[in-house]
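Notes follow once the structure below has been shown.
Every read-out reported here was derived from the displayed coordinates using simple, explicitly stated rules and does not represent laboratory data. The structure presented is a predicted model; accordingly, all values stated were derived computationally and were not measured. Neighbour counts are summed over all protein chains in view; Cβ atoms, including those assigned to glycine, are modelled from backbone coordinates with ideal geometry.
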Amino acid sequence: MPIPLFNSIASWILKKRIHQIELFIKYPHEVQEELLHQLLSKANLTEIGMRYGFDSIKNYTDFKNQVPLSNYETFESQIERCRKGTQNIFWPTPIKWFAKSSGTTNSKSKFIPVSTEALEDCHYKAGKDMLSLYFNNNEDSQLLNGKCLRLGGSSELYNNNNSYFGDLSAIIIQNLPFWAELSSTPSNKTSLMAEWETKMKAIVEESIPEKVTSLAGVPSWMMVLLQNVLEETGQKNISAVWPDAEVYFHGGVSFKPYRKSYEKLFPKSNFQFYEIYNASEGFFGIQDRNKSDELLLMLDYGIFYEFIPFQPDSNADENKVIPLSQVELGVNYALVITTNAGLWRYQIGDTIRFTCLSPYRIQVTGRTKHHINAFGEELIIDNAEKALAKVSVAT
């Protein structure tokens, strides 16, 4: 496809999506309520749907009363059955992809189900929205005239009983349409290499000659790659290597401790940093304004949200779980999700805080299991990262 035609089609798609985003901003509760009913209706004949009587659920109160909270430990046996080939357990369409993640209480790997709907209506949709929101704020952007330097984590995929598991980035790249590779570097072949050192060298060699206009990846891993690029080119900063680079989309870890280092790598005053909030379980938030530290909560990705006021060293209380319509500003909430991959009232272990209620904007504040409360200090990751950022600037 000729590049000008590709850019014209892409621009039209992105502008159209902005109007859809404006719709859920205007009617957030209605969008979430309708989405919940769609999820329940689609899964009512699954094992979980019949166990908890999805067809009898008429409203959120019924849903809350009939379907218990879950986490990976309570869900694990059902996921293992699905990985071995049994379908229609928690989602009606066949699930053959599982995103491998670590961090459970028993230190075992998690295998998060990834449905076709989750890929199409959540992760890929979020990718388009990320660009839509950026272009909406930067109308003179030339981002589509170059390529995006993408960097995922471990990208090895394994087959197991006709199902596949691996890093989420590998699953996403493996299922992307062929034309997506035209606007990305490195190639899919290089992106999916398993051995990190070999992969790093290949990415550097393949990407340096390209016209890179944007970058996307986890700050810690991306920093290693960019340092390698500087060593290979002998340049003092990345803007000298890729002068057309205008934005870095980052997520996965807090950007606070890395910001000053990245500002030195991209010294241009108009260079943008855009944060995203995604995980193996789904894609949740995107920065929707320039120079902001808030994320717009995305409400139409097949994810129904609930929230639990977070208290360190206390178990989740079913009676305290609330829907989006009842959240308040400045409160730390543990996030609960119901998704189009069959996770039902699933506690992902993250905590967030609302900074705005119209539209709903959030900040990620940490993990439910990562805090110190030995003497009532209630220290959470967000506090520690702000302190680390100050120390980084000072030293």
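Overview of results
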item: Over the chain: helical MRE at 222 nm, DSSP H runs n ≥ 4 each giving -39500 (n - 2.57), nearest 500; result: -10500 deg cm²/dmol
item: Listed values (1) 21.2, 66; (2) 20.4, 70; (3) 23.4, 81, entry calculated as Rg and Dmax of the Cα atoms in Å; result: (1)
item: Residues of type aspartates and glutamates that residue 260 reaches as a straight line, Cα spacing below 19 Å, ignoring anything fewer than 8 places off in the same chain; result: 246, 275, 293, 294, 382, 385
item: Relative packing of 249-256, 233-240, which averages over residues the other C-beta atoms within 10 Å, highest first; result: 249-256, 233-240
item: Using alpha-carbon coordinates, inclination of helix 381-394 to the longest axis of the chain, degrees; result: 20
item: Pairwise Cα inverse-distance average, inverted: Kirkwood Rh of the stretch 183-259 (Å); result: 13.1
item: Ranked packing of 273-284, 24-35, most packed first, by mean Cβ within 10 Å; result: 273-284, 24-35
item: Rounded to 5, percent antiparallel among DSSP beta bridges of the stretch 30-182; result: 75
item: Convex hull volume of the stretch 195-331 per residue (C-alpha atoms, cubic angstrom); result: 168
item: The chain: relative contact order as a whole-number percent, Cα under 8 Å and 6+ apart; result: 15
item: Of all DSSP beta bridges in the chain, antiparallel share, percent nearest 5; result: 65
item: Surface/4 estimate of mean projected area, convex hull on alpha-carbon atoms of the stretch 62-137, nm²; result: 7.4
item: Nearest 10 degrees, 0 to 90: helix 72-83 Cα axis against the chain principal axis; result: 80
item: Rounded tilt (10° steps) of 3-26 against the dominant C-alpha axis of the chain; result: 40
item: Mean Cβ count within 10 Å, highest first, over the residues of peptides 259-272, 296-309; result: 296-309, 259-272
item: Pairs of lysines in the stretch 110-225 (C-alpha under 18 Å apart; 8 or more residues apart or interchain); result: 5
